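Here the structure comes first, spelled out in structure tokens, and everything after it is commentary.
The values are calculated or read from the model by the stated rules, or taken from the named source; none is laboratory data. None of the values given here were measured: they were computed from a predicted structure. Here the Cβ is made from the backbone with ideal geometry for all residues, glycine too, and neighbour counts use every protein chain on show.
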């Protein structure tokens, strides 16, 4: 059966509004969804309902915690065109044979109000602070900008500790709206958008005052020789040495992990045979076999660092959509 009335959905306990445990609202009560028959089609309906782009991973409660309310949906079977999860076929409200350890979770690749990126460099962990609001990216004015504010940004984008909070458009002038001014974080916030400020779009600044951040963590993967930062030969950092990845067993699951790690959109192609040219460093990984849900390429099965039977004519590459990252950089 399907549930005909529109029901709000949310993702809980994630790092942002576009990932977490799936919860749906029914008769004033939030409850979870059982993972029986759950798949990427169902996940994409959730991501679309939340305006969070496309699904990149289906998870379990082990990552985002078990819910505590009622289990409201089970055996969800979406066709893919539904605009609301409750429109998908299911057993009916609160009809299930599940426990909370079966609560389903979703990770979407999208952009939400308050999302943060660092732009103006090729490094996702340093750059001009840009924040997303109502369909567009804008900058942050450096009035009252401090290391405490920078620390919140670094934590939010998963880049370690703040080591610098440069001002005066250190990383170049932005071109969008100036969205925040007089930001004053206390350091406990989970996102820049929740820090005190004058309010969205309220400022007395010019782009010569765009705020920047330098975080401690450095990128461990890069794409080389592509037309933009979301395509190219895959290179990975091992201690202080950059090297390539062999194309043995290279496939779309592997490419998906690379695209996610780079902060790009979904993978479009997994390119073998040095499609983006020969690398010149060591060949660091071979026979990579990702499930597609890993956060880093090095988390996937492989033969071990430096173990391979390849030449640089087998260097692997990827082409990702530019969705979140676009003309600049982005997130691990």
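Sort out which residues of segment 186-221 are at pLDDT below 85 and out of contact with any helix residue (DSSP H, G or I) (no Cβ under 9 Å at 6 or more places or on another chain), and write them in order of number.
Listed by number, the list holds a single entry, 218.
Could you list, ordered by first residue, the pairs with Cβ atoms under 8 Å in which the first is in segment 17-45 and on the phi > 0 side of the Ramachandran plot and not assigned by TED's automatic domain parsing to the domain that holds residue 100 and the second is crowded, with 17+ Cβ neighbours inside 10 Å and outside any loop (DSSP other than H, G, I, E, B), at least 6 apart or interchain?
none
Give segment 311-332 a look and list any residue that's over 20 Å from residue 252 (Cβ atoms) and modelled with pLDDT of 90 or more, or say none.
Answer for segment 311-332, where residues must be over 20 Å from residue 252 (Cβ atoms) and modelled with pLDDT of 90 or more: 311, 312, 313.
Here is a check on your reading of the model: is residue 214 in contact with a strand residue (DSSP E or B) (Cβ under 9 Å, 6 or more places away or on another chain), buried (at least 17 other Cβ atoms within 10 Å of the Cβ) and touching a residue at least 60 places away in the same chain (Cβ under 8 Å)? If you could, list the steps in order and put the result at the bottom.
Numbers: in contact with a strand residue (DSSP E or B) (Cβ under 9 Å, 6 or more places away or on another chain): yes; buried (at least 17 other Cβ atoms within 10 Å of the Cβ): yes; touching a residue at least 60 places away in the same chain (Cβ under 8 Å): yes.
In short, yes.
When you look at residue 287, is it in a loop (DSSP other than H, G, I, E, B), touching a residue at least 12 places away in the same chain (Cβ under 8 Å) and either on the phi > 0 side of the Ramachandran plot or over 20 Å from the mean Cα position of the chain (by Cα) (or both), yes or no?
Details: in a loop (DSSP other than H, G, I, E, B): yes; touching a residue at least 12 places away in the same chain (Cβ under 8 Å): yes; either on the phi > 0 side of the Ramachandran plot or over 20 Å from the mean Cα position of the chain (by Cα) (or both): yes.
Criteria met by residue 287.
The conditions are (1) at pLDDT below 95; (2) within 30 Å of residue 142 (Cβ to Cβ); (3) assigned to a strand (DSSP E or B), and residue 224 fails exactly one of them. Which is it?
The failed condition is (2).
Conditions tested, residue by residue: (1) out of contact with any strand residue (DSSP E or B) (no Cβ under 8 Å at 6 or more places or on another chain); (2) outside the structural domain of residue 153 (by TED's automatic domain parsing); (3) not in a loop (DSSP other than H, G, I, E, B).
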position	(1), (2), (3)
174	no, no, no
179	no, no, yes
182	no, no, no
187	yes, no, no
190	yes, no, no
200	no, no, no
203	no, no, no
208	yes, no, yes
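Go through (1) within 22 Å of residue 89 (Cβ to Cβ); (2) surrounded by fewer than 21 Cβ atoms within 10 Å (Cβ to Cβ); (3) within 18 Å of the chain's Cα centre (by Cα); (4) at pLDDT 80 or above one by one and return the number of the condition residue 21 breaks.
So the condition that residue 21 fails would be (2).
Specify which of the listed residues (143, 103, 123, 149) is surrounded by 16 or more Cβ atoms within 10 Å (Cβ to Cβ) and assigned by TED's automatic domain parsing to the domain that holds residue 47. Reasoning before the result, please.
Details: 143 fails: assigned by TED's automatic domain parsing to the domain that holds residue 47; 123 fails: assigned by TED's automatic domain parsing to the domain that holds residue 47; 149 fails: assigned by TED's automatic domain parsing to the domain that holds residue 47.
Only one candidate passes the filter, namely 103.
When segment 239-275 is examined, which residues are found to be assigned to a loop (DSSP other than H, G, I, E, B) and surrounded by 22 or more Cβ atoms within 10 Å (Cβ to Cβ)?
Just the residues of segment 239-275 that are assigned to a loop (DSSP other than H, G, I, E, B), to begin with: 239-240, 247-251, 263-266, 272-275.
The answer is 247, 250, 263, 264.
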